[in-house]
Every structure is written in structure tokens, then in C-alpha cells.
1. For region 261-300, which residues satisfy the criterion of being of a type in the set (Phe, Trp, Tyr) and either more than 19 Å from Ala317 (Cα to Cα) or surrounded by 24 or more Cβ atoms within 10 Å (Cβ to Cβ) (or both)?
2. Tell me, please, whether a residue that is in a helix (DSSP H, G or I) and in contact with a Gly (Cβ under 8 Å, 6 or more places away or on another chain) can be found in region 376-388.
3. Can you spot a residue in region 247-260 that is open to solvent by 10 Å² or more (accessible area, probe 1.4 Å), assigned to a loop (DSSP other than H, G, I, E, B) and either under 22 Å from Ala366 (Cα atoms) or in contact with a Gly (Cβ under 8 Å, 6 or more places away or on another chain) (or both)?
4. Is it the case, given these coordinates, that Val236 is surrounded by 24 or more Cβ atoms within 10 Å (Cβ to Cβ), touching a Phe, Trp or Tyr at 6+ places or on another chain (Cβ under 8 Å) and farther than 24 Å from Asp214 by Cβ?
5. Of the residues Leu376, Leu368, Leu303, only one is open to solvent by 10 Å² or more (accessible area, probe 1.4 Å), in contact with a helix residue (DSSP H, G or I) (Cβ under 8 Å, 6 or more places away or on another chain), under 18 Å from Cys284 (Cβ atoms) and hydrophobic (A, V, I, L, M, F, W, C); which?
6. Could you grab me the full set of residues in region 220-233 that are touching a strand residue (DSSP E or B) at 6+ places or on another chain (Cβ under 6 Å) and in a loop (DSSP other than H, G, I, E, B)?
7. Starting from residues that are of a type in the set (Val, Ile, Thr) and closer than 16 Å to Ala93 by Cβ, keep the ones in region 181-202 and report whichever is least open to solvent (accessible area, probe 1.4 Å).
8. Does region 328-337 contain at least one residue that is out of contact with any strand residue (DSSP E or B) (no Cβ under 8 Å at 6 or more places or on another chain), without any contact (Cβ under 8 Å) to a residue 24 or more places away in the chain and not in a helix (DSSP H, G or I)?
Amino acid sequence: MKNALIIAAALFLALSLPLVSSAAETGSYLVQTSDASALSAVGKVVWADQNVGWAQVVPYASNPGTNPRTARQELRGQRGVRTVVANDKIKLAALPAIPAVVAHSPAPNEALVERLRVILDANRLALIPGVVIDSGVNRSHPAIKDCLLEGESRSFVGTDPLTDPPATDIPGHGTYVSATICSIAPNARIISFQIFWREDVIENGVTKRIMVTDMATILKAFAALPALSSRYPRMVVNSSFMFPRESELAVTVEQIMQTLERRAAFASASGNHEPGQYANVMPCVSRTPNSICAGSVNGLGFLSSFSNYGSPVTNAAIGENVRFLDENGIPLLMSGTSFSSPKNAGAIALMWGMNLQATPQQLIAAILAGGDLQPLLEGKIASSKSLDIPGAIARFRQIMSGQTPIVPQVWDIRSALDRGTREEDKVMTFSWREVVDIWGTGFCDHTEADINGDIPTRRCGVEVRLNNQLALPIISLTQERIRVMLPPDEFRVWPENHWGLVLYDADGVVTAGINLRYFRAGPHPLIAANPDGTPVVMTSHGAADRDNPVRIGETIRIYVSGLGLESWESTAEKVELVQPLQVAAARMPVDARVQRSEYMGLYQVDISLEKAQLLLRQELPLTLSVGEASVSVTLPYSDQNSQSVLAAKP
């Protein structure tokens with residue numbers, strides 16, 4: 001677009017024509033032109049903005065019997081016309097589910113608001129306008145009435161922008177989007193830009209009242225933003241709707257967003273489908289640095305089945321079964337990415353109120369840096385993170401203070417049962433109650449922790465969680481290694497066979513993460529392995545290998561994990577397993593004594609080998625079984641005699 005058409009501060013310099021509701025016009029077109037006055041020769045100009053270079057026109061020849069191609073050709077033939085676009089209608093994306101009233105539901109985001117009160121003093125926050133481009137706002141709703149910026153709301157469909165039509169397929173959509181922003185940011189003040197109107201449609205013989213808008217109305221709303229920003233140089237714009245990326249208007253909307261790069265932050269929704277699909281919609285796909293797009297996750301961190309996904313989706317926020325109260329105080333639940341996007345908008349308004357010198361880019365960077373890393377979102381959400389407001393605030397303070405925090409890096413993960421270089425989606429072999437070593441850099445300063453790693457310390461501020469649900473006990477901590485203990489049962493922490501290790505710093509900010517798939521868990525014997533993959537088997541002469549084979553009459557010790565839960569009768573000296581361990585050497589049963597080892601998560605199994613079992617053999621096959629599960633190992637053999645002594649420590 002030419003420079004003359006770039007957005008100026010003063011917009012809506014309309015022609016001397018009344019502003020007519022788009023809902024009342026049919027057969028209209030959007031025309032990109034440098035001379036809107038020339039269009040009056042072929043049609044009625046409903047609306048024109050010479051700054052953005054677009055006009056809405058209803059051709060005089062337009063009637064039910066007119067060929068649309070003829071109308072377009074007439075419009076294209078006028079002076080200054082570059083593009084002619086059909087003014088298509090857009091239905092507000094239906095919510096995936098609005099369950100029946102749910103009893104005893106709390107007020108929206110009540111727990112989050114209480115959590116933030118500990119961090120912030122709301123009285124010290126600057127007021128930030130929040131423009132909600134939606135279906136309007138119900139001024140009488142308790143969550144909205146004290147959160148409005150009086151005198152600035154406007155309707156682009158000829159109705160009151162402070163009403164949100166309840167008798168539709170999506171009642172109160174704009175109200176609950178606005179309520180989400182206000183519940184997170186007590187300093188936000190809502191400006192309602194109403195672009196949707198009610199329209200009756202007949203589906204299967206039943207009349208339904210739905211919420212619709214059109215491209216002309218969307219364009220008018222975005223074109224009004226620069227003029228608004230001249231009065232409010234810092235504002236957040238939420239768009240919980242979407243329109244096709246292929247539209248000619250997408251370029252113009254993106255240019256408007258770019259023009260406001262330092263004055264407005266844009267939060268948008270990825271959209272809803274069942275099942276979710278690639279989010280190729282505007283404004284989500286906008287590449288402007290002052291925009292952020294949210295998908296929806298549930299309370300466990302899984303991407304909602306209805307949420308659109310893909311590289312345009314910047315982060316995620318809970319949008320499934322979000323609790324609200326209606327204007328009468330009756331609790332209800334709603335779901336949709338429509339309620340994920342305003343969480344980003346609320347977080348931006350909250351942080352901007354803390355420091356008015358921040359830019360939209362810094363605010364968005366803080367949200368992404370401080371988000372909760374969700375390994376299950378890898379490949380679905382660009383950042384693989386969900387919104388974490390306290391984490392974003394911590395990162396925001398660091399960004400604005402000029403600090404460059406040391407971000408830990410994970411390069412490998414090892415256990416007694418699995419060794420090797422970390423891969424992008426490595427299949428781990430591990431079991432219950434196992435010790436895992438996380439190797440990397442920058443975990444902790446040597447001055448704050450014991451260098452030998454024997455004394456864990458909280459001063460390093462590192463926390464390791466499994467799938468963001470369960471904090472793992474840290475056994476030892478150094479600058480390059482964190483040793484953690486896996487829990488005793490798998491059922492509540494390993495959904496869908498995925499295992500996500502996430503590291504947090506002292507401010508509760510995600511610093512590093514690993515996405516793995518577990519191979520095996522539960523009561524299944526697993527023999528501990530050395531770094532080279534050989535089994536950890538000890539004899540009286542040290543570790544068993546080709547240079548130190550097992551000998552006749554010797555007692556050997558094997559370190560094993562995965563034997564299952566112990567019974568209540570277990571003691572430090574003797575372990576009574578829920579299912580007994582069976583050991584066979586060369587297919588012959590042998591006696592075995594099971595004890596807890598000094599290595600947390602591993603059992604030591606002492607086995608006495610008789611001469612008959614080793615006679616005439618060069619290798620000794622050994623099998624350990626628990627119930628129907630078993631594991632085998634082949635040991636090197638020597639026909640030299642040996643006294644039956646306890647095996648040496650590894």
C-alpha cells in the first residue's frame with residue numbers, strides 16, 4: 001500500500017454519508033481505492049476511510065437477479081480501484097461446550113487473583129485500556145460494571161456497545177471475555193468495540209438466533225484503533241474471533257497492527273474446531289512483534305481437543321471448563337480458545353501497569369519466557385508453554401531491570417537403567433522409585449551448594465516437576481547435575497506414556513525441560529547398566545566383566561530396579577516384595593536375597609552360585625522374574641575356584 005494510504009492518527013474521516021449498520025446491507029463489496037468519491041457513480045458508498053484506503057459499496061445494479069461478476073467488473077473499472085472483495089459474513093465461532101449450570105463453582109479465576117495479591121499491590125498499578133472487539137459488554141454484570149472505561153465504547157453495527165445479546169447461540173460472549181481480563185488485571189479498563197449482531201437462521205426447520213459480523217465491520221473496528229491510541233498510548237486489544245488468512249483484508253489489518261507496534265499489544269485466539277486444526281486464521285497468524293496468539297489447554301496441560309494449533313499459536317492458556325458467574329450470580333462453565341486469549345490480554349495489562357516504559361514486545365517476551373513448559377505441547381504450540389502469570393511477572397522484572405539471568409541447559413539424562421545422549425524424543429527405560437540424573441549446565445552456583453553434591457540446598461532455587469503436576473525430591477544438586485527420585489506409582493503422573501521433566505528457578509520460572517517417552521514402568525525387574533551398557537554385576541573381586549569373570553562357588557550381587565511396591569513388613573535388612581523375585585541360573589532355580597541398596601531406587605540381589613551350575617560352561621545365563629515379567633543377562637564365566645564371599649561394592 002502506498003505511503004499516502006498508511007494509517008494516520010485521525011481515522012474515520014468518512015465521506016458526507018451516514019454510518020449505516022453493516023447488518024442492514026446485503027450484496028455489498030469492500031473496495032480498496034485511492035479515490036472513494038469515484039465509487040458513487042456505480043453504487044451506494046456505505047462507509048469509506050481514505051486513510052486505510054477502503055470503502056464499502058452496494059452497487060446500484062445489485063439485486064437478487066444480478067450477476068455478482070458484473071457488479072465486480074463495474075467496481076474494478078472505476079478510477080483508483082485496486083481490489084474488490086466480497087463482504088462475506090462471519091459467524092462467531094461456536095463454543096465447543098457450554099455445560100449446564102454447575103453448582104458450587106467459584107467466581108472466575110478467584111484462586112489466581114488471590115495468588116497475585118501476594119505478589120502485587122494493585123493500588124500502585126497504572127490503568128491500562130483493554131479493547132475487546134467482540135459481541136458487546138453487559139454493563140450490568142457485576143464483573144464488568146467497575147471495570148469499564150466510560151465514554152469510549154462504540155458499536156459498529158448500530159446498537160448499544162454496552163449490551164451483550166443473551167438470546168443467541170453464544171450468550172454473553174463479550175462479557176465473559178472482558179470478565180476474564182478484569183479478573184486477572186485489576187488495573188484494566190474495558191473499551192467495548194461491538195462488531196457482532198444477532199441474526200435469525202433456520203437450521204433443520206428450527207429458527208436459531210446466532211451472532212454474525214462481516215469483513216467490513218471488522219475492518220472498521222481495526223481502523224478505529226490508531227485514533228484511540230492517540231488518546232491512550234498504551235492499550236491491549238483482544239480479538240476472540242478470527243477470519244480467513246486468505247482474505248485481502250488480512251494485509252490491511254496486519255498493517256494497522258504494525259502501525260501500533262509501540263502503542264498496542266494484540267492478543268488473539270487460535271480458534272475452535274472439533275477436532276482442532278492448523279490455525280491458519282487472522283489475527284492469530286499475524287507476524288507483527290506486538291501480537292500473541294493463544295490455544296487452549298485443560299487443567300492437566302493437555303491441548304484441548306477443540307483447540308486449533310500450529311506454529312502461528314504462540315502459547316496456550318486454560319480455556320476448557322472455565323468457571324464464570326452470570327449476572328445473577330449463578331455459576332456456569334464455558335470452553336473455547338475465546339477464553340484463553342483474554343488471559344494473555346489480562347497478563348499484559350497487569351504487567352504494563354507495573355511499568356509504563358515497557359514495550360509490547362517486552363511484555364510478550366516476558367509471557368513466553370516465564371510460561372510453564374509443557375512437554376506435551378511440543379510440536380503443537382510454538383513455545384510449548386502455557387501461560388504462568390507469576391512466572392511472567394518474574395521474567396518481566398528481569399527484562400526491565402536489564403538483568404540477564406543464567407538459563408540452565410539440559411543436555412543429557414541418565415539413570416541406573418538407561419544411559420546415553422539425550423535425543424529429541426528419547427525412549428527411556430525406567431521404573432518406579434528409580435534415581436535419575438539430569439546433566440547440564442547452570443543448575444546452581446558452586447558457592448551456594450555443596451560441590452560434591454551430597455547436600456541438597458534450596459538456595460539454588462531449582463525445582464523439578466513431572467508433567468507440571470508432581471514435584472520430585474532432589475537427592476543432590478550441583479552446577480552440572482540434579483539427582484532426583486521418581487515416585488513409587490505411575491498412574492497419576494505419566495498420562496499418554498509421556499514423561500516431561502521441567503526445571504524451575506527460585507522465582508518459579510521455567511528454565512529448562514525435557515520431553516521423553518517412557519518405555520516401561522511397574523513391577524518389572526530391570527538390571528542396572530553401566531555407561532557402556534553392560535550390566536552392573538559385582539563379584540568378590542570387583543565388577544564382573546571379561547577380565548573379571550564369575551567364578552565357581554562365588555556370591556555375586558546384581559543391582560536391580562522395578563521390583564514393584566514393597567509390603568508393610570519390609571525392613572531395612574530385608575525386603576518383602578508384593579510379588580516374590582525368582583532367580584534362575586542356567587535355568588535352575590537359585591536362592592536370592594533381596595535388600596535395599598545404598599543407592600536410592602535400586603535393590604541389591606545377592607545370589608550364591610553352586611559348582612554344578614557353572615560346570616562345563618563358558619557363559620552363565622541368569623534370569624530374574626517377578627510374576628510374568630522377567631529380564632535376562634549373560635555373565636562371563638571362569639572355572640577357577642573362589643571362596644563364597646560377599647560381593648564388593650561397585
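The values are calculated or read from the model by the stated rules, or taken from the named source; none is laboratory data. Here the structure is a predicted model, which is why all the values come from computation and not from measurement. Methodologically, a virtual Cβ is constructed for each residue, glycine included, from the backbone with ideal geometry; neighbour enumeration extends over all protein chains shown. When the accessible area is computed, the model is the full protein with side chains, heavy atoms only, and any ligands, DNA or RNA have been set aside. Shrake-Rupley method; radii C 1.70, N 1.55, O 1.52, S 1.80 Å.
1. Step one: of region 261-300, the residues of a type in the set (Phe, Trp, Tyr) are 266, 278.
The answer is Phe266, and nothing else.
2. Residues of region 376-388 that are in a helix (DSSP H, G or I), as a first pass: 376-377.
Then drop every residue that is not in contact with a Gly (Cβ under 8 Å, 6 or more places away or on another chain), which leaves 376-377.
Yes, region 376-388 contains a residue that is in a helix (DSSP H, G or I) and in contact with a Gly (Cβ under 8 Å, 6 or more places away or on another chain).
3. Checked against the condition, which is being open to solvent by 10 Å² or more (accessible area, probe 1.4 Å), assigned to a loop (DSSP other than H, G, I, E, B) and either under 22 Å from Ala366 (Cα atoms) or in contact with a Gly (Cβ under 8 Å, 6 or more places away or on another chain) (or both), region 247-260 yields no hits at all.
4. It is true that Val236 is surrounded by 24 or more Cβ atoms within 10 Å (Cβ to Cβ), touching a Phe, Trp or Tyr at 6+ places or on another chain (Cβ under 8 Å) and farther than 24 Å from Asp214 by Cβ.
5. Leu303
6. The one that is touching a strand residue (DSSP E or B) at 6+ places or on another chain (Cβ under 6 Å) and in a loop (DSSP other than H, G, I, E, B): Tyr232.
7. Among those that are of a type in the set (Val, Ile, Thr) and closer than 16 Å to Ala93 by Cβ, it is Ile195.
8. Yes, that holds for at least one residue.
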